[in-house]
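Just below is one structure, and these are the notes that go with it.
Derivation of every value follows stated rules applied to the coordinates shown; laboratory data play no part. Computed from a predicted model, the values in this text were never measured in an experiment. Note that each Cβ is placed from the backbone with ideal geometry, even for glycine, and that neighbours are counted across all protein chains shown.
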Amino acid sequence: MSSQKIDIKSLEYEALEALLKDLGQPAFRCKQVFSWLHEKCVDSFEEMTNLSKDFRNELDEKCEIRGLTKRKVLTSEIDGTKKYLFELFDGNVIESVMMPYKHGNSVCVSSQVGCNMGCSFCASTIDGCVRDLTASEILSQVYEIQKDIGERVSNIVIMGMGEPLINYDNVVRFVRIISHENALHISQRNITISTCGIIPAIIKLSGERLKVTLALSLHAPNDRIRRKIMPVAKKYAIEDVLSACDTYFEETGRRVTFEYCLIDQVNDREEHAKELAGLLKGRNAHVNLIPVNPTPENNYGAAKEKDIMAFQKILEKEGITATRRREMGRDISGACGQLVRRKF
Ligand code: SAH
């Protein structure tokens, strides 16, 4: 596929409208083309059978429908979670995960090929970041998975490989397109963007008029510990990150989730729980506790069951809602922090 062609699947509704107008098409055409791309999720212009043959040919000359090739699928025997390996048009590979919950199917999408953030507990960062994904490549992960399982996807978490707020424009475009009424129409309330805490991008996101949930990867109750496990913490202090989260809540009315990955001895002691409670007190916060998952290159131990329970109790006693993330797909290395850009 030529990269000179317009990546039509990455265009938001209004941008597609402008393109089609330039091509001399009537206004109603946009709804048709947009729905073929994002509701019926076709892979070729040929399939857009309510458009004239000439117009389909013209689109084919000027535009590409950028998709992904499904290379491998692993299914968890424990919980039915599926991990997908997709190949991009340039030969790079990414992973995505589908989790079947009682309340609907949830897809975890990648936003970059690899990651540059360097968190010491996460496998996605091991080989660095090759490039950002386009909106079309993020969308295609959901479309391909929906086709594969033959069921509707109702929830999306942008928690796969990559730091979504580094790939800001494409991620926002992705959210706008997938939640559009002429597309899959997934409610923005069912979409979560997880970030390691890029302050300027959180502030910018607060002003986008989106209803998505923001999840902040906090993982430590103070800057000293956070800097040891997350290099991004050297750039942004916890207090400032939390105040950016306050802005997000004030502007959107959406409660922020704080992700806290529990690592044995490192951040899972009672004193850490108390310090975390102090940090979050008075904030409309929800803490999501995640026992650390093993990766090939860290030798962190998952927190022990009794420590996790004690940690959660302390938070709750201080009036902070804390839930434990259900671990899905561990047997297929599909759990948090286990996604890589190598072929499996
Ligand atoms: N870059 C984004 C999104 C990707 S990570 C972010 O930092 O939030 C998605 C979540 O999984 C984050 O909360 C991340 O910190 C967590 N995670 C990463 N490695 C993990 C591991 N080994 N065990 C458990 N959770 C992990």
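Here is how the numbers come out for the structure above:
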{"quantity": "Computed [θ] at 222 nm, deg cm²/dmol, the chain (DSSP H ≥ 4; -39,500 (n - 2.57); rounded to nearest 500)", "calculated": "-9500 deg cm²/dmol"}
{"quantity": "Restraint check, K9/K235; K9/K70; K9/K53; K9/K211, Cα-Cα greater than 25 Å", "calculated": "K9/K235"}
{"quantity": "Cubic angstrom per residue, convex hull over Cα atoms of the stretch 6-64", "calculated": "75"}
{"quantity": "Max mean-square fluctuation residue, GNM over the chain, Cα-Cα springs under 10 Å, options K306, K274, K82", "calculated": "K306"}
{"quantity": "The stretch 73-193: mean projected area of Cα convex hull, nm²", "calculated": "7.7"}
{"quantity": "Potential extension, K147-D223 segment - 0.36 nm per residue separation minus Cα distance", "calculated": "23.0 nm"}
{"quantity": "Cβ-isolated cysteines (cut-off 4.7 Å), the chain", "calculated": "C30, C41, C63, C108, C115, C129, C196, C245, C261, C336"}
{"quantity": "Relative contact order for the stretch 69-332, counting Cα pairs under 8 Å that sit 6 or more residues apart, in percent", "calculated": "16"}
{"quantity": "Kirkwood hydrodynamic radius of the stretch 283-344, from inverse mean 1/r over distinct Cα pairs, in Å", "calculated": "13.4"}
{"quantity": "Value in Å of the Kirkwood radius, where the chain supplies the Cα pairs that are averaged", "calculated": "21.0"}
{"quantity": "Size-normalised alpha-carbon gyration radius of the stretch 182-290, reference 2.2 N^0.38 Å", "calculated": "1.10"}
{"quantity": "Where labels lie 7 Å past Cα in the beta-carbon direction, separation of E250 and R324 in nm", "calculated": "3.6"}
{"quantity": "Reach of K281 by Cα under 20 Å, taken over lysines that are not fewer than 8 positions away in the same chain", "calculated": "K313, K317"}
{"quantity": "Aspartates and glutamates with Cα under 14 Å of K304, excluding same-chain neighbours fewer than 8 positions away", "calculated": "D264, D268, E270"}
